[in-house]
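Worksheet for the structure shown next.
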Amino acid sequence: MKEKILAAFENLGFNLEDIESLGFSFNYEGINYLYMYNEDDENFLNISVPSIYDLEKDNKEKYEELKEKINSTLKYVKAYTLGDSLWIFYERDLLGNEDLEEVIRHMILHLAAALMFARDSIEKIDNGESDEGSDNDNND
């Protein structure tokens, strides 16, 4: 399956760089992505945007607020802490009959929208703005 996924990325025009023990990195529209291959489950497709927000001594509350906002608002995309930074992931199970190019395209676009949502949320959090009651879901 890994070869089929890599071929789909190539057919979409991406140049993947093998990052030892992490996966394959690529860039789209100025955003760095990481395709993380799971040796134990070849039907698990995982694409992430690494390090979208760093955890520091003075921003723990804002960091957790952003993480919660992403996880409770967005469809398909989830935020996790790796090291001292927040990463966003789109993970899915491949059933074997998907159009991998379409699946990958969809995943990348959702991650790009999630990154824009996160950046907007960071700005609002930094400015002390609240959007409670807002029905802003950038993943439709």
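Quick look at the numbers
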quantity	calculated
Leu34 open to solvent by less than 80 Å² (accessible area, probe 1.4 Å), without any contact (Cβ under 8 Å) to a residue 60 or more places away in the chain and not in a loop (DSSP other than H, G, I, E, B)	yes
Residues of region 39-91 classified as open to solvent by 40 Å² or more (accessible area, probe 1.4 Å), in a strand (DSSP E or B) and under 23 Å from Glu129 (Cβ atoms), total	1
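The values are calculated or read from the model by the stated rules, or taken from the named source; none is laboratory data. The model shown is predicted, which means the values in this text are computed figures rather than measured ones. Don't worry about glycine lacking a Cβ; one is built from the backbone with ideal geometry, like all the others, and counts go over all protein chains shown. The accessibility values were calculated without ligands, DNA or RNA, using every heavy atom of the protein model including side chains. Shrake-Rupley method; radii C 1.70, N 1.55, O 1.52, S 1.80 Å.
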